[in-house]
Every structure is written in C-alpha cells, then in structure tokens.
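Working notes for the structure below.
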Amino acid sequence: MGFYSGIDLSARDNSMCVIDEQQMILKEKKLRNELRLIIPELEPYKRDLQIVVESTFNWYWLVDGLRKAGFNVCLAHTLGLHLITGAKVKTDRRDAYSLAKLLRVNMIPKAYIYPAETRPIRDLLRRRLSLVRQRAYEYSSIRHLLMREGNLDHSRNQMKGIDEQDLEKWFKHPLIRLHACQEVERINLYTAQIDELEERILTEARPNKEIARLRSVPGIGPILSLTIFYEIGEISRFKTVRNLSSYCRLVPGVAQSGTVSRRGRASKQGNPYLKNAFMQAAVTAVRCYPEVERYYENHLKTRGGKASKLVTYNIVAHKLAQAVFHILRDGGSYQKQLLFGN
C-alpha cells in the first residue's frame, strides 16, 4: 500500500498532509519549519511514502534534509500547479491535500532538484549578476542627472571612469553634487564586491573539460561559461536541443487554434539567468567575431520594426545555445561552420 504526502511550505511553518491510495487523509498537521519536528511525523509511513514539496524560495533545507533522511522526495514546479493557484478557496491545509492528490495520480509537474554540492557556486553567480544590474542602475542614474542639467556631451563608457573632479565640473549645485557623489560611492562598492565574488567563484569552481570547451564558443568568457555550466546542471535532463532552447527562453511560444497560429505567451517561462548569459554572449560575439557579425547583419536586413535588433540578437543567442547543447551532450568541440558557415 502506498502513501502520499504533500507539504505546503511557508516562510516559518508548513502544512503537511498524508493520504493513502483511496485519498483518505491519514494525517494533517501544521508544523514549524524544523526537521526535528517534521521527520518523526513522516517516519511511520517512510517505507511506502512519496513526498512532494512545492518549489518555494526556501525549499533547500527541507528537500535536502528529507532526502538525507532517506525519504523519496520530489519538487513541484509552481507554474504547473493550477489546481492550487486557481482554486476558489485557497488555504495551506487545502494546498497540502491537493499536492498529495496530484502526487498520487502522477500529475505533479516536477522541478529539477539542483545538486546541493554545486548549488552555492550557482547562487553566488546569480548574486553577482544582481550586483552588476544594480551597478548599471547607478550608472544610468548619473547619466539622468547630467541630462537633467543639460549636459549631453557624455557616453556610457565615460561613466565607468568618473571621479570627484568630473562631479565638480559637471554639477555646480552642492546638493546635486552630493547626490552624484553618493551614486559614485555605491558604484565603487558594487565594483569591489563584484571583483571579490568573481575572484572567489573562479577559485572555488572546479575546472573541467566541459567548461574549457564552452569558452571556445564565441562570446562566452570565464564568468559566462561558469554561469551556463552551473545553470544547466545535468545536460541529460534535456532530451533535445529544443528543450534546452525553450528552457533558456530563446524560442517563442505558439498559440494555435483552428487555422490561426501566432506567437504565443509564456516568453518568461524558463531560466532567466541562462537567457541573460546567452544574450550577453550574443552581443559580444557580434562585436568580436566576423562570422557572427555577418550572420547578424544578414538577419537584421530581413527584419523591421523597433525590436529588430533585439530579435536578431536573440537568434544569435539561440545559435550559441545550440552549440552549447552539443558540446555538453556529445563532448565535442565548437565548430563554427556548422552554425555560421565558412
């Protein structure tokens, strides 16, 4: 006889529900988020028990702890749980029961449980990206101040070397200069933290042949190769290159009904960090590699509209993702003629 448990996880507590094959509730409890309280409640059913945990922001400790204790645990992707998110009456107790029922009929949209041993490096790479974006916001803020003062004779690259003398020259009013000075201080702080993170990441990340081969792909350097490698995880979980491209947010959805077929929704389903990494690689590749630049220009000529450049960069990013898939799956090397011709 099988048993099925759904755990609805919140910030400080969780709701647990255990059912049998007939969907009869055997146990319902609300517990504090502590393994020493949760494991004894599940122990009597352990032999034939399957557990599902919703993929919330704080699932690490619970899933890792239950798996270490020998339980059979899967992670539910929140995007596919329409029975829970679309319910008219939604409570933690009902959500836990719904999770258990979906698990019983094998209807759980399972999410990938990233290996715990390499998870810290991946999360540190994500933190680095967050700091880079915050620093870019501060650069943009200084440029807006300059435009507000009527100073248009500046560029983005000039912002990277800004100092106090520049601030005194550009901003005459002391209060505006104070505003800009604090922006520069935050930029310097972000830069120091980013440099420290990059140094630690490059030290801690174990070099291997896959990462070395990824660096041969146009536009992919030391940090992007690590980002792509650790975000993808096990390449075997993607059956085809289309699956990886979809996961990287590099292909649009499809909305088809009858004889009408158009670009669909769901452009934000997938991994945003891989999307960012491949788009950065595409921009660098177009700038530094002639064969990629020619490919980009040829596609750009066939497109119009405001988003033509963005769409064309996305096409190049899609090409790079295809190369990455075959490199990681087949263990080969990058061959530019297969993607961009001779």
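The values are calculated or read from the model by the stated rules, or taken from the named source; none is laboratory data. None of the values given here were measured: they were computed from a predicted structure. A quick note on method: Cβ atoms are made from the backbone with ideal geometry, for glycine too, and the neighbour counts reach across all protein chains shown.
Given the structure, is Ala116 closer than 25 Å to Leu31 by Cβ and either outside any helix (DSSP H, G or I) or among the aromatic types (Phe, Trp, Tyr) (or both)?
Answer is yes for this residue.
This table checks each residue for (1) within 19 Å of the chain's Cα centre (by Cα); (2) assigned to a helix (DSSP H, G or I); (3) crowded, with 20+ Cβ neighbours inside 10 Å.
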position	(1), (2), (3)
His179	no, yes, no
Ile187	no, yes, yes
Pro207	no, no, no
Leu226	yes, yes, yes
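Among the candidates Leu131, Leu83, single out the residue that is within 30 Å of Thr203 (Cα to Cα) and either among the hydrophobic types (A, V, I, L, M, F, W, C) or surrounded by 17 or more Cβ atoms within 10 Å (Cβ to Cβ) (or both).
Leu131
Can you go through Arg119, Arg93, Arg126 and tell me which one is in contact with a Ser or Thr (Cβ under 7 Å, 6 or more places away or on another chain), among the basic types (Lys, Arg) and surrounded by fewer than 18 Cβ atoms within 10 Å (Cβ to Cβ)?
After applying the criteria, what remains is Arg93.
Take Val73 and decide whether it is of a type in the set (Val, Ile, Thr), out of contact with any helix residue (DSSP H, G or I) (no Cβ under 9 Å at 6 or more places or on another chain) and outside the structural domain of Glu196 (by TED's automatic domain parsing).
For Val73, the condition - of a type in the set (Val, Ile, Thr), out of contact with any helix residue (DSSP H, G or I) (no Cβ under 9 Å at 6 or more places or on another chain) and outside the structural domain of Glu196 (by TED's automatic domain parsing) - is not met.
Kindly check whether there is at least one residue in the stretch 294-304 that is free of Cβ contacts under 8 Å to residues at least 24 places away in the same chain, surrounded by fewer than 11 Cβ atoms within 10 Å (Cβ to Cβ), among the hydrophobic types (A, V, I, L, M, F, W, C) and over 26 Å from His77 (Cβ atoms).
no
Only one of Arg242, Arg249 is on the phi > 0 side of the Ramachandran plot and either in contact with a strand residue (DSSP E or B) (Cβ under 8 Å, 6 or more places away or on another chain) or at pLDDT 90 or above (or both). Can you tell me which?
Arg249
Restricting to the stretch 290-300, give me the number of residues that are more than 27 Å from the chain's Cα centre (by Cα) and either at pLDDT below 90 or of a type outside the set (D, E, K, R) (or both).
5
Which of the residues belonging to the stretch 225-281 are of a type in the set (D, E, K, R) and out of contact with any Leu (no Cβ under 8 Å at 6 or more places or on another chain)?
Glu234, Arg237, Lys239, Arg242, Arg262, Arg263, Arg265, Lys268
Let me spell it out: the conditions are (1) crowded, with 20+ Cβ neighbours inside 10 Å; (2) over 17 Å from Gly221 (Cα atoms); (3) small (Gly, Ala, Ser), and Ala285 meets all of them except one. Which number is the exception?
Failed condition: (2).
Specify which of the listed residues (Arg128, Arg133) is in contact (Cβ under 8 Å) with a residue 24 or more places away in the chain, out of contact with any Pro (no Cβ under 7 Å at 6 or more places or on another chain), not assigned by TED's automatic domain parsing to the domain that holds Ser225 and not hydrophobic (A, V, I, L, M, F, W, C).
Arg128
Exactly one of these conditions fails for Lys30: (1) exposed (fewer than 14 other Cβ atoms within 10 Å of the Cβ); (2) within 22 Å of Lys110 (Cα to Cα); (3) in contact (Cβ under 8 Å) with a residue 60 or more places away in the chain. Give me its number.
Against the list (1) exposed (fewer than 14 other Cβ atoms within 10 Å of the Cβ); (2) within 22 Å of Lys110 (Cα to Cα); (3) in contact (Cβ under 8 Å) with a residue 60 or more places away in the chain, Lys30 comes up short only on (2).
Anything in the stretch 262-314 that is among the small types (Gly, Ala, Ser), assigned to a helix (DSSP H, G or I) and closer than 23 Å to Leu129 by Cβ? List them, or say none.
Across the stretch 262-314, the qualifying residues are Ala277, Ala281, Ala282, Ala285.
Give Ala277, Ala266 a once-over and let me know the one that is closer than 25 Å to Thr78 by Cβ, at pLDDT below 95 and not assigned by TED's automatic domain parsing to the domain that holds Arg156.
Within the list Ala277, Ala266, the selection yields Ala266.
Just one of Arg104, Arg47 is basic (Lys, Arg), out of contact with any strand residue (DSSP E or B) (no Cβ under 8 Å at 6 or more places or on another chain) and not assigned by TED's automatic domain parsing to the domain that holds Gly270; which is it?
Answer to the selection: Arg47.
Given (1) assigned to a helix (DSSP H, G or I); (2) more than 19 Å from the chain's Cα centre (by Cα), where does Gln134 come up short, assuming only one miss?
All conditions are met except number (2).
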